[in-house]
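Structure first, then comments.
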Amino acid sequence: MLTYAYTIRGTAIDLENSLKAKDSPGYKRWAGGFNLQQAAETLLFLQTYNLTDMDALTHAAATAKGDFDGLQKRIDTADTRITQVNNLQRHIGAYSKNKDVYSQYLRSKRSPQFRQDNEKAIATVEGAKAFFDSMGLDNLPSINDLREEYSALAQEKHNCQQAINGIKQLVSDLQSAKKNVEVLLGIEGEPANERTQRKGLHDDR
């Protein structure tokens with residue numbers, strides 16, 4: 001499991017004392033949507049990862065989500081290319097199987113009768129050529145090269161999925177902890193720069 005370490009600064013997270021102060025606005029906000037078991041779990045999570053202030057927690061949550069999103073983007077990119085490779089293999093196979101008939105069609109000066117007699121083969125080659133043009137291919141890759149690329153893409157996708165499986169619970173826990181703490185401290189939805197400015201105003205008093 002990934003761990004995150006950050007410089008401690010910003011709004012202090014003091015859940016323990018906040019929870020003890022049952023008459024405090026923070027406790028009332030918490031009690032309105034959470035129970036003490038959830039509070040204890042959140043506190044333990046923050047202590048485990050040494051996330052003792054709001055900036056550290058926000059940074060950790062954003063970094064973990066960024067890692068998750070980056071891995072998902074790599075999977076999506078691999079999926080897109082895998083689809084292209086599969087289509088290339090299919091069209092190359094169809095083109096190779098029917099190209100001799102198409103050559104005869106061209107030598108017949110595109111005879112309507114020849115086309116009628118070999119419509120399926122000719123249409124298959126024309127469809128393959130249109131696909132190759134859409135891919136901007138000057139030369140067709142070999143089937144062996146495509147198979148090797150497919151294998152590499154499948155491995156890339158597998159590795160990224162394994163990494164996602166390893167961090168998705170942490171991402172969820174960080175997002176949940178951040179939301180819970182924001183509710184408790186009364187800063188729900190407040191931008192970090194506003195928290196910093198507000199903290200500075202309090203510190204000047």
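The values are calculated or read from the model by the stated rules, or taken from the named source; none is laboratory data. Worth saying up front: this structure is predicted, and the values here are computed from it rather than measured. Cβ placement follows ideal geometry from the backbone for every residue including glycine, while neighbour counts extend to all protein chains displayed.
Just a few scattered comments:
- If you check 162, 169 for being modelled with pLDDT of 95 or more and in a helix (DSSP H, G or I), only one passes: 162.
- Flag if residue 109 is outside any helix (DSSP H, G or I), of a type in the set (Lys, Arg) and either exposed (fewer than 13 other Cβ atoms within 10 Å of the Cβ) or at pLDDT below 95 (or both): yes
- Pairs, first assigned to a loop (DSSP other than H, G, I, E, B) in the range 133-149, second β-branched (Val, Ile, Thr), C-beta under 8 Å, six or more apart: 140/92; 141/92
- Hits in the range 57-94 - residues which are over 28 Å from the mean Cα position of the chain (by Cα) and without any contact (Cβ under 8 Å) to a residue 40 or more places away in the chain: 90, 94
Residues checked against (1) farther than 30 Å from residue 61 by Cβ; (2) surrounded by 14 or more Cβ atoms within 10 Å (Cβ to Cβ):
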| position | (1), (2) |
| --- | --- |
| 86 | yes, no |
| 96 | yes, no |
| 104 | yes, yes |
| 114 | yes, yes |
| 121 | yes, yes |
| 139 | yes, no |
| 152 | yes, no |
| 165 | no, no |
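- Test: residue in the range 111-129 that is on the phi < 0 side of the Ramachandran plot, in contact (Cβ under 8 Å) with a residue 12 or more places away in the chain and of a type in the set (Phe, Trp, Tyr): no
- Scope the range 75-114; condition among the charged types (D, E, K, R) and either touching a Cys at 6+ places or on another chain (Cβ under 7 Å) or closer than 20 Å to residue 131 by Cβ (or both); matching residues: 79, 81, 90, 97, 99, 100
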